[in-house]
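**Student:** Sharing a structure with you now.
Coordinate-derived values only; no laboratory data. Since the model is a prediction, treat every value here as computed from it, not as a measurement. Glycine gets a Cβ as well: all are built from the backbone with ideal geometry, and neighbour counts include every protein chain shown.
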Amino acid sequence: MRLLFVHGIAQGGKDEKELAETWRETLVEGLGKHNVTLPADTTIDFPYYGDILDDYVRRSTLPMPEDVISKGPGENRKFENFLQLAVEEMSEKAGISDEEVEAQLEPGQVREKGIQNWEWVQGIVKAIDQRFTGAVDFTMKKFLKEVFVYLDWNKARKAVEDTVVKMITDEPTVVIGHSLGSVVSYRVLAEHADKMDLRGYVTIGSPLGIKAISTKLALLGMLEQPSKNGWYNAYDERDIVALNALDGKYFPVDPAVENFNGVKNKTKHRHGIIGYLNDKSVAGRIHRYMS
Amino acid sequence: MANRRAAVVIGVNKTGGLTPLKSAASNAASVAKWLRKVEPGYDVTLLTDSRKPVKYSAIENAIFKYTSLPPRYELLLVYFSGHGLYHNRSDIWLLSEAPERPREAVSLNAAIDLAKYCGIANVIFVSDACRSLSATVQQANLNPGDMFPTHAEIENSTTKVDSFRATGRGTSAFEGKIGDEEASFLTHAFRLAYRKPRAEMVHPVEIQQKTIRVVPNRRLEDFLQDTIDEAIAIVDDRLDQQIEVSVPSEDGIFIAPVEEAPARSRGRVAAAARSSKPAAREQPLSVSIPSPRSGTADNLRKLPGVGPSRERALNDVGVFHFDQIADMPSEDRKWLDEKLGSFKGVVSKFDWKSAAKRLVDDTAEVAPRALPRRRDNLARAAANRVLAELELKARDLQPDMNARVDEEIAARIPGDERVAFESETGLLVHGAAIADAVIGRSAGSEWLEILDHGDGQHRPAIIRFWDLQPGASAAVRLVDGRSIMVPGLRGYIGHAHIAEAGMKTLNYVPSANTQRFHEYEIQKDKIEKLRAAVALASEHGAFRLGSSEKADRIGAHIRVGKAIDPTLGVYAAHAYSEASDDASVRDVLEYMRSDLSVDLFDVWMLAHRWPENSKPLPIYPACPLLTQAWSLTGVKGIRLAGAVAKQSANLANSLWTTFGPGAFDDLAQALQQGDIT
């Protein structure tokens, strides 16, 4: 049996072997809650695209919200549109109040009355970070920038996906995708699952339910259920990235995805892999798929 | 398994004070019933006025339900049967409370444009409605909605939109008694297309590892037209209803599969058993065919004992021609004897086999198979001529239609007037004398002089433009009070051809004292013929890019040297846009920018879903060039200047924008005051 781990954002510059080992150890910890361990014949593949995506992000000229304010909207309309839609959806779902956003703006700041009030968008981004991410290596704008580069730049998307496609084999496999890795693995499976002996698909901390993301995926090819043997999506309701269940409303595929919202992710921003793979239910489901 | 297809089916019998229709609501109900049964299946919303009025908000809600994001459907069908109008070269569906409530109406053209951005891969519109010209001020002032939501998540068009319109521009569609029931002719033809398609219409597709036989949208047009012609001829041979079809989708896109012949009823099975034939045969007789060859059945009533009902019964089992009966084996004849009901044994009693054989011989001697009855109409002929000009495969036309097309094309080719334009820029108006003209002033130095007001016949009006930097909008009043607004383009002489309905062409020819002229001279003959053929086809709504080959060929043929012929650029932008090919529209925009250093209004508008707020280049003229583009300004979020916007209810039914009397003063004032340039 093989486990194919597909990592998420902000992994550039890291050691892929160490990352793979961290995933394995965390999963073993989770399996321990069922008094089981990884079977001895388990192999682990860890396609690493962190540096590749970092390189494309560096080469992109996407403005950050603060750049948009200083230069005015229109520098990269597509990205600005994506950013605005995504953070507005997140803030609505997360129940971020106007007062919270207001608190992020400079006191006495002049308000633009136009339809694209970028100070306000930036305020939302900051409010989200303050309430949810709060970490230096993981901020909402960084996350959305990496997602956008991956989704919108065909070359970047192909380069990232190629790292996973290279590891497609016909041996029995369970695929686990985390964060952006759930988007990458979904795309690859939608295209290549028929060449695999896919025993199950697990997504954790997945942003696939964000409308701005699922719509982009649907426009690249109709949303489909790639796994005949089940798709288990687990998340912590406090994880801002995974704010929507992958259900009929947010990710309509047939047969439906099985959602589990009971993870209590111990990492600071509730999104880290080490707070997901050690969850009893997640590890238990991976084990079930493996057997 | 959840359905991947959805349909919004609308039928409105009664609209305001218009003549109540008999079949719109029932046709819609029967279409909805059919779609609910077919596989692959549809989620269907049926809206008819059989119990309560059909409101715009109900349609909008139904469409919204099916187009929410992320997209969950792969195909959406929007069917409308009811009263319709053709206003500003755009279709309007009238709902129950129109026209008294101006918003209780739908702009089909605007809906088609918005549908291109709805996220569903294929959207199909079936518009079984009249396209008569608006007859009252109330009708002209309708404020129709566009049905589809505006999704900010979707920036580029990813949807192919197929459309089937029941009739030609400015003409009526009909309903009548077809067989035993009231039906409108287009809907009748649609239903028949899946029950009895011709063999060449059927295409196999694989869905979930299963092969099914379908009728692709792109193979429907001829059958629909032939069926309408046949059905309408029975009701009233003087009527004519020429459909307009636009299908940019590929062969895999279809509304429904072929309805395979149902298993026989008990009686038929019993009869089949007696004749020791297999009961589950797809066609009941060995000689059965799905539809008449070449679309025309023989008159089977010439057979002894055959009236309308037996003819229909024969047709129902796939018998349309004498030779089928002449060649019929005895077991088929026995089966037919049973099938034909009250007169059992009629086939043998009247010896149909011999009678049919005689009729086959007579037909062969007297009238070797007649041509299909369908006439070439001007729209098809013009589309065909465009193909010929593009050196693509075109079919032979009937000689009289060829002559007609030649004549129409000649009327759209600029004359050989060599007017000396030291300014390199000007406008000739053919077919109408002019009274006045005003030019906009972007740079402040532009001016014009009228060299000749023209005589409205052989001598064109001549206007010379000076000091354009590098373009301007010019408004021209014709002596009959109507007016036009056209772009002045430095280095080009415009030729406006005015006909009874308004401006029918606007051609731009490089000024003789420019470098472009030499390149133009080399291609002149070809480009002018193509431009004229495209103008004629566009006027009849028949300039469409149904294949990538045609789209590519157009791309190559509209170039003159490194530039794009401005007129052909406008036509091509509209055709590319209609085919959801945004990238090609943007190509046209870029080519034209590099040549003209200005944007032409229509190309600029069509090149983007939301044209940029910051305009990199000046845009001329200050209003849509083609009348049909006026219906799209709303969905593109464009605000026309007040003096221009108020003219939208004062447009002639011409291909190129022509204002009715009274507009010129407003436009001239706006140009002189710099409100528009």
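**Student:** Restricting to DSSP loop positions (anything but H, G, I, E, B) with no more than 16 other Cβ atoms inside 10 Å of their own Cβ, which GluC sites (Glu not before Pro) remain in the range B:190-257? If you can, show how the numbers build up before the last one.
**Tutor:** On the way: sites: B:E200, B:E206, B:E221, B:E230, B:E244, B:E250; in loops: B:E250.
Those that pass, being in a loop and sparsely packed, are B:E250.
**Student:** Within chain B, which is the longest segment containing none of the trypsin sites (Lys or Arg not before Pro) that sit in a DSSP loop and have at most 13 other Cβ atoms within 10 Å?
**Tutor:** In short, B:52-237.
**Student:** Considering the Cα trace of the range A:137-244, what is its radius of gyration and what is Dmax, both in angstroms?
**Tutor:** 13.5, 38
**Student:** Tell me, what is the FRET efficiency for A:R77 and A:D15 to the nearest 0.05, using R0 = 41 angstrom and their Cβ-Cβ distance as r? The partial results should precede the final answer.
**Tutor:** On the way: r = 38 Å, r/R0 = 0.92.
Step by step, r from the Cβ atoms, then E = 0.60.
**Student:** With 30 Å as the limit, write out which pairs from B:K65/B:K636; A:K14/A:K141; A:K93/A:K155 have Cα-Cα distances beyond it, or answer none. Write out the running numbers ahead of the final one.
**Tutor:** Values: B:K65/B:K636 22 Å; A:K14/A:K141 20 Å; A:K93/A:K155 32 Å.
Over 30 Å Cα-Cα: A:K93/A:K155.
**Student:** Report, ordered by chain and residue number, the aspartates and glutamates lying within cross-link reach of B:K646, taken as a straight Cα distance under 15 Å and ignoring same-chain residues fewer than 8 apart.
**Tutor:** B:D665, B:D666, B:D675
**Student:** I would also like to ask the following. Given the C-alpha atoms of chain B, compute the convex hull and give its volume per residue in Å³. Don't jump to the answer; show the numbers that get you there.
**Tutor:** Numbers: hull volume 112.3 nm³, N = 677.
Cα convex hull per residue, to the nearest whole number: 166 Å³.
**Student:** Cut-off under 12 Å on the C-alpha distance; same-chain residues fewer than 8 positions from A:K145 excluded. Which aspartates and glutamates are left, in chain and number order?
**Tutor:** Cα-Cα hits under 12 Å: A:D54, A:E80.
**Student:** Still on this structure, I have one more. Size of the dipole of the range A:1-66 about the Cα centre, Lys and Arg at +1 and Asp and Glu at -1 on the beta carbon, nothing else charged, in debye to 20? Could you put the intermediate results ahead of the total?
**Tutor:** Numbers: 7 positive and 12 negative charges, 34 e Å.
So the dipole magnitude of the range A:1-66 works out to roughly 160 debye.
**Student:** Give a quick list of GluC sites (Glu not before Pro) in the range B:17-104 that DSSP marks as loop, anything other than H, G, I, E or B, with at most 12 other Cβ atoms within 10 Å.
**Tutor:** Numbers: sites: B:E60, B:E74, B:E97, B:E100, B:E104; in loops: B:E74, B:E97, B:E100, B:E104.
When the GluC sites (Glu not before Pro) of the range B:17-104 are filtered for loop state and at most 12 Cβ neighbours within 10 Å, B:E100 remain.
**Student:** Sticking with this structure for a sec: Amide H of B:A256: which non-local residues (sequence gap of 5 or more, or other chain) have their own amide H closer than 5 Å, using H built in the peptide plane?
**Tutor:** B:V215
**Student:** Karplus couplings for the range B:382-391 from phi (6.51 cos²θ - 1.76 cosθ + 1.60, θ = phi - 60°), rounded to Hz, Gly and Pro as x?
**Tutor:** For the range B:382-391, the Karplus curve yields 5, 4, 5, 5, 4, 4, 4, 5, 8, 6 Hz.
**Student:** How long is the range A:213-291 along each principal axis, judged by its Cα atoms, biggest number first, in Å?
**Tutor:** 35, 32, 17
**Student:** Which one of B:G488, B:A472, B:I638 is farthest out on the positive end of the charge dipole of chain B, using unit charges on Cβ (Lys, Arg +1; Asp, Glu -1) and the Cα centre as origin?
**Tutor:** Value computed over the given set: B:I638.
**Student:** Suppose the chain between B:R213 and B:D525 were pulled fully straight at 0.36 nm per residue; how much longer would it get relative to their current alpha carbon spacing? Don't skip to the end; give the middle numbers.
**Tutor:** Numbers: separation 312, 0.36 × 312 = 112.32 nm, distance 4.63 nm.
Length difference between fully extended and current span is 107.7 nm.
**Student:** Okay, moving on. Run through every distinct alpha carbon pair of chain A and return the Kirkwood hydrodynamic radius in angstroms, one decimal place. Walk me through the numbers before you get to the answer.
**Tutor:** Values: mean 1/r = 0.0513 Å⁻¹.
Kirkwood hydrodynamic radius for chain A: 19.5 Å.
**Student:** May I pose another question? Out of A:V175, A:S291, A:G275, whose Cα points farthest toward the positive end of the dipole of the range A:135-291 (charges: +1 Lys, Arg; -1 Asp, Glu; placed on Cβ)?
**Tutor:** A:G275
**Student:** Cα extents of the range B:577-671 along the three principal axes, largest first, in whole Å?
**Tutor:** 38, 26, 22 Å, listed from the longest principal axis down.
**Student:** Once you place label points 7 Å from the Cα toward the Cβ at A:E191 and B:A443, how far apart are they in nm?
**Tutor:** Inter-label distance under the simple model: 5.1 nm.
**Student:** Let me ask something else about it. Can you tell me the equivalent ellipsoid semi-axes for the protein assembly as shown? Use √(5λ) from the Cα gyration tensor, largest first, whole Å.
**Tutor:** 52, 46, 24
**Student:** Okay, next question. Residue-wise, which Karplus ³J(HN,Hα) couplings in Hz belong to the range B:142-151, taking 6.51 cos²θ - 1.76 cosθ + 1.60, θ = phi - 60°, and x for glycine or proline?
**Tutor:** 4, 10, x, x, 10, 6, 8, x, 9, 8
**Student:** Name the GluC sites (Glu not before Pro) in the range B:557-655 that are in a loop by DSSP and that have at most 11 other C-beta atoms within 10 Å, would you? Could you put the intermediate results ahead of the total?
**Tutor:** Numbers: sites: B:E578, B:E590, B:E612; in loops: B:E612.
Those that pass, being in a loop and sparsely packed, are B:E612.
**Student:** Work out from phi, with θ = phi - 60° and the Karplus expression 6.51 cos²θ - 1.76 cosθ + 1.60, the ³J(HN,Hα) of each residue of the range A:200-212, listed in order in whole Hz, and give x for Gly and Pro.
**Tutor:** Karplus values, whole Hz, x for Gly and Pro: x, 10, 10, 10, 9, x, 8, x, 4, x, 6, 4, 4.
**Student:** Charges at C-beta only: +1 for Lys and Arg, -1 for Asp and Glu. How large is the resulting dipole of the range A:142-265 about its Cα centre, in Debye rounded to 20?
**Tutor:** 440 debye
**Student:** Another question, if that's okay. Under 20 Å from the Cα of A:K266, which lysines turn up, not counting those fewer than eight places away in the same chain?
**Tutor:** Within the straight-line limit of under 20 Å, A:K266 reaches these lysines: A:K33, A:K280.
**Student:** Okay, moving on. What's the average, rounded to a whole number, of partner chain beta-carbon atoms within 10 Å of each residue's beta-carbon in B:142-154? List each step's numbers first, then the result.
**Tutor:** Details: counts 0, 0, 0, 0, 0, 0, 0, 0, 0, 3, 7, 13, 5.
Mean shielding count: 2.
**Student:** Another one. Given C-alpha coordinates of the range B:454-501, what is the ratio Rg to Rh with the Kirkwood estimate of Rh? Before the final figure, lay out the partial values.
**Tutor:** Details: Rg = 11.7 Å, Rh = 12.0 Å.
Reported Rg/Rh, Kirkwood definition of Rh: 0.97.
**Student:** Right, something else. Quote the FRET efficiency, to the nearest 0.05, computed for A:E258 versus A:D55 with a Förster distance R0 of 41 Å and r equal to the Cβ-Cβ distance.
**Tutor:** On the way: r = 36 Å, r/R0 = 0.87.
Result of the calculation: an efficiency of 0.70.
**Student:** Let me ask another. Return the long-range amide H neighbours of B:Y508 (sequence gap of 5 or more, or a different chain), with a cut-off of under 5 Å between placed amide H atoms.
**Tutor:** B:H495, B:T567
**Student:** Could you list which residues have their amide H under 5 Å from that of B:L77, counting only those 5 or more apart in sequence or on another chain, with H placed in the peptide plane?
**Tutor:** HN-HN under 5 Å from B:L77: B:A6, B:A7, B:V8, B:I124.
**Student:** Once the dipole of the protein assembly as shown is set up with Lys and Arg at +1 and Asp and Glu at -1 on Cβ about the Cα centre, which of A:I204, B:A105, B:Y194 lies farthest towards its positive end?
**Tutor:** About the Cα centre, the residue reaching furthest to the positive side is B:Y194.
**Student:** Right, next: Quick one, can you get me the convex hull of the C-alpha atoms of the range A:202-247 expressed as volume per residue in Å³? List each step's numbers first, then the result.
**Tutor:** On the way: hull volume 3.1 nm³, N = 46.
Per residue, the Cα convex hull of the range A:202-247 comes to 68 Å³.
**Student:** First check a/c for the range B:1-152, with a ≥ b ≥ c the square roots of the eigenvalues of its C-alpha gyration tensor; if it is under 1.5, answer rounded, and if not, answer prolate when a/b is larger than b/c or oblate otherwise. Before the final figure, lay out the partial values.
**Tutor:** Numbers: a/c = 2.17, a/b = 1.41, b/c = 1.53.
Cα axes put the range B:1-152 in the oblate bin.
**Student:** Separate question: Put a dot 7 Å past each Cα toward the Cβ at B:M1 and A:E237; how far apart are the dots in nm?
**Tutor:** Between A:E237 and B:M1, the simple spin-label model gives 3.5 nm.
**Student:** Project the alpha carbons of the range B:82-192 onto their principal axes and report the range along each, largest first, in whole Å.
**Tutor:** 48, 38, 22
**Student:** Given a Förster distance of 41 angstrom, what is the FRET efficiency for B:R301 paired with B:A199, based on the Cβ-Cβ distance and rounded to 0.05? Before the final figure, lay out the partial values.
**Tutor:** Numbers: r = 25 Å, r/R0 = 0.62.
Once rounded, the FRET efficiency stands at 0.95.
**Student:** Same structure again: Does the range B:375-477 classify as rounded, prolate or oblate by the C-alpha gyration tensor (a ≥ b ≥ c root eigenvalues; a/c under 1.5 gives rounded; else a/b over b/c gives prolate, otherwise oblate)? Intermediate values should be presented prior to the final figure.
**Tutor:** Working: a/c = 3.14, a/b = 2.25, b/c = 1.39.
Cα axes put the range B:375-477 in the prolate bin.
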